[in-house]
Amino acid sequence: MTRTKTSSHTPVWYVKLFMFVWLAAIIVIGMANGIPVHSAPLAAYNVTLTANNFSSPLLTVTADNLSNPDHALFALHNGTLLWYGVTFQSAPAGLTPGAADTHDLVTNALLAPQMLLPPVGVLPFDQANGNTNNEALHLAVTFSGPLQQLTLTLSPLETHAVTLDIINLLIQMLGQQHASVQVGLLSPGMMQQVFAATTNMNDLGMLVNNYRLVLQSVSDTTKILQYAYACAVNLASLLADSSEQTMLADLLWNIMGKVVTQASILDAIRSIGQSQFGLAVEGFIANEGLALSTSLLQPTNPTILLQTNSTVTPTPSPTFSLFGPTTVTTPGLVTPILSPVGTATPTIAISATPDPQPTVVPTATAHP
């Protein structure tokens with residue numbers, strides 16, 4: 001009888017089969033122990049508003065509706081007699097407040113070239129705000145993620161704001177007894193035209209600068225009188241200069257909505273320019289500046305901070321690993337990280353010596 005010998009060497013495919021079974025068993029055990037592989041959801045965020053240095057009850061800010069970060073709504077309310085310039089900074093750059101409503105005539109008209117918050121008694125209507133009548137800007141901003149900020153600063157000493165204060169003073173000096181006549185400021189593009197015209201009027205520019213100094217000199221009566229006198233000199237020059245008389249008449253005619261003839265405005269300017277009003281104007285400007293400075297000006301301008309904050313609390317997120325569970329501590333999107341336990345570099349070895357993760361070593365047996 002012939003005896004057939006079986007090879008004592010294990011075929012290569014047999015070893016590979018055992019390796020595959022071993023790896024599959026590790027994966028199944030890991031999944032059974034609750035180590036799923038998944039990606040974390042996008043972080044959610046909300047919007048908060050913080051107001052600082054609003055010391056006067058006549059100047060306020062309200063958070064109208066911050067529930068939607070894509071269209072966060074807030075409003076600035078002004079019950080004072082001064083215009084306020086509004087500047088803003090953002091992180092990241094490019095966050096810009098706009099009108100909350102495209103049909104809001106006041107807000108849309110006063111956003112460019114410089115955002116301005118109007119005083120009471122200038123525009124043809126006041127907007128009700130509880131028990132008081134305040135002019136307001138109703139604004140909106142679009143955020144696109146967490147950790148974004150928009151900071152707005154209000155200043156009554158901003159150049160455009162002081163320019164409009166002087167224009168209001170000139171309208172009163174010309175004999176306009178009725179308030180809320182500056183309807184022309186709400187015409188499309190009128191603000192740009194006003195400030196473009198004032199850059200060509202030297203006496204008006206000096207008057208604006210000296211009136212700003214009057215408002216800044218609340219703590220020094222001597223300086224207030226000094227700058228008030230300078231304002232009276234600038235005003236006399238403005239009303240006596242024939243070229244600036246014409247430019248001023250055209251400017252006021254547009255601002256007042258062209259309801260008064262340009263010729264009548266020019267006649268009033270020339271009439272005042274020929275009168276001796278210097279001492280009276282000096283006293284009026286000094287008293288007005290002192291009253292407004294004491295009640296409204298403060299060392300630090302009012303600011304509003306809108307920011308987005310994540311509403312998701314980072315928690316350890318398990319990820320799949322052949323060498324044990326790991327956790328991801330980076331907030332936001334999860335990137336799975338394989339982190340072996342006990343060794344710096346993971347290796348797979350077949351050995352007859354038991355180790356923390358036993359391996360299966362197949363042996364071949366000869367059969368007779």
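Brief remarks on what is shown
- Elements of type strands (runs of 3 or more DSSP E) contained in the range 56-121, each with 2 or more residues being assigned by TED's automatic domain parsing to the domain that holds GLN149 and of a type in the set (S, T, N, Q): 59-65, 84-91
- LEU152 being among the hydrophobic types (A, V, I, L, M, F, W, C), buried (at least 18 other Cβ atoms within 10 Å of the Cβ) and under 13 Å from ILE255 (Cβ atoms): no
- Some residue of the range 171-179 being closer than 24 Å to THR107 by Cα and not small (Gly, Ala, Ser): yes
- Any chance PRO188 is touching a residue at least 24 places away in the same chain (Cβ under 8 Å), closer than 21 Å to ALA99 by Cβ and assigned to a loop (DSSP other than H, G, I, E, B): yes
The values are calculated or read from the model by the stated rules, or taken from the named source; none is laboratory data. The structure displayed is predicted, hence computed values, not measured ones. Positions of Cβ are generated from backbone atoms using ideal geometry, with glycine treated the same way; all protein chains shown enter the neighbour counts.
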